[in-house]
1. Using a Förster distance of 60 angstrom, determine the FRET efficiency expected from the C-beta separation of residue 257 and residue 133, and round it to 0.05.
2. Quick check on the chain: of the DSSP beta bridges with both residues there, what percent are antiparallel, nearest 5%?
3. How long is the gain from residue 346 to residue 61 if the chain were fully straight, where each residue apart is worth 0.36 nm and the alpha carbon distance is subtracted?
4. State, to one decimal in nm, how far the label point of residue 1 lies from the label point of residue 301, with both points 7 Å from Cα in the Cβ direction.
5. Quick one: work out Rg over Rh on the C-alpha atoms of the chain, Rh as Kirkwood radius.
6. Would you mind putting 343-353, 258-268 in packing order, based on average other-beta-carbon counts within 10 Å, highest first?
7. What nm value, rounded to one decimal, do you get for the distance between residue 497 and residue 413 when each label is placed 7 Å out toward the C-beta?
8. Report the extension gain between residue 209 and residue 154 in nm, rounded to one decimal, defined as 0.36 nm multiplied by the number of residues separating them, less their alpha carbon distance.
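Just so it is clear, none of the values below were taken in a lab; they were calculated from the coordinates. In this text, all values refer to a predicted model and were calculated from it rather than measured experimentally. Neighbour counts run over all protein chains shown; Cβ positions are idealised from the backbone, glycine included.
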Amino acid sequence: MSLIKLSKAIFTKPLGYGRKPVRIFKNPIDFSILRKEKWAIVGDSYKTKFLRVLSGSYLSTSPLSRAYPDSLNNSNFTVELLKFVTNGNWGYGAQNQSGGFTHLSGRYEFFKDLEIDINVKDFIASKHENSNIPYDPVKLEYLAECLDLTGLEDKFLTTLSNGQFRRARVAKVLYRDPTLLLIDDPFLGLDPVASQRVSNVLKKIACDVKNPTTVTIGLRIQDVIPDWIEKIAIVDSTGVVHQGGKSELRSELQRLKETFYRHHEEVKKRVSEQIQLDGRQILKKTWEQDPMIKMESVSVKYKGVPVIKDLCWTVREGEKWHVRGRNGSGKTTLLSLITLDHPQSWSRKIMVEGHTREAGSVNYFDANKSIGFTSPELHAIFPRDLSVFQAISTGYIVGSYIPPKHLSNLQIDNILNYLTMVELVDKKDIKFGDLSVSNQKLVLLLRSMINDPSILILDEALSAMTDEDVIKGKCLVDQWNKGCCLIIGHVDEEVPHCNKYIVMNQARNGIYEIGNVTK
């Protein structure tokens, strides 16, 4: 029996009273998912819209065109949609898709406010403060083991790395035993080991003989399709253009990949030419040899347990470093020592631009005047009601989300130049919150660069972005050479070109791999 069946289905999004609804897909859709089938929905942003259709979102013009036949015989029938592009934030706000409101520094503070924070096992079990709902300890232990969360169950959610938080969200949705599980971009923001672990868990629950969960995932054209996926649906603005067995669609998938990479090169060429035209005057071409960042035997401990041990690391001007490592290995902690977001930043063993970080020698605002920064945490708390132009202008003021009252003509021109480079100048007056998530992240990248920083820190800056916006972001960073750049990213296609790397996997043991990027 079908879990969901679409029959000549047309879906619309209402725009409000007196306005004509907008069709989501141009053509009617015929599609069904049977119990135990394992599907991948492949495409661009329309894969996300199609997953929302399957989950019950949007209006169908005919009530009978979208049906859930299995729900008639199964009183426990549920559909769960998990989207990682809106990873949001931590705390109780993470119970929904929009996220919470904690700041990066909240990861490292000892005091926790239980009104906004929650421990990992409570989050997975959807157990709120003062709730009498009992845990299922067997299920919790099983999910923690499968998703490499063992030992983190009693930690506050705000202390997790981005990748650990994403795995906790997978555990949370699996804890509810959905009949039909829909996950968009399930491997977004995960290191290769964690990606394989999540894939294995999804395969295991989908192939469970006694109580299988029917799993459907959303993937981009260039993504590797897991071996356990049996069927593929390729979607675009018209609807479902191809559907069938994975082997049947192999040649079509290859054709789409080739088209994608050709388009990739076309966009790269176009944006690079625009950057050269509008941005040549802001690029610096001479480098100094003195260290911009120097750490000598730097260690970070939480309650006596090392996270970073005896790190000796030197970063010079002109270098772009790829900070590598598994989720939770200390990458973001390392960067937070530079931005002074970490309480243990104040150390004479840390020197930035020739100044030690010894307590009393420098303050947060002076230290960050020459640092540009963007991250998922910043994205989660950034004001949505500013215009795009205003959002970028806040980069001129250290630690502020309030637009400056007065901008010089040069500052105004710089903002417009950057917007022109990434083809967003026509959206300069649109509210930041009305942009797509991808465009929002691109705007925050521009914000990090607008004040001509000598240290540019990009923590997963290009993740959860459309392919075209990734290309634009990479072009900007690739041609930026005003100082040094530190980049965190797990997917090679989302990492701008780097000439150095440091691997943090054994940071807690004082072991680091440092070298030159060869490709």
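1. It comes to 0.85.
2. Here the antiparallel bridges make up roughly 50 percent for the chain.
3. 96.5 nm
4. Label-label distance for residue 1 and residue 301, simple model: 6.0 nm.
5. 0.97
6. Final packing ranking: 343-353, 258-268.
7. With each label point 7 Å from Cα toward Cβ, the separation is 2.8 nm.
8. Net length gain for the segment: 16.6 nm.
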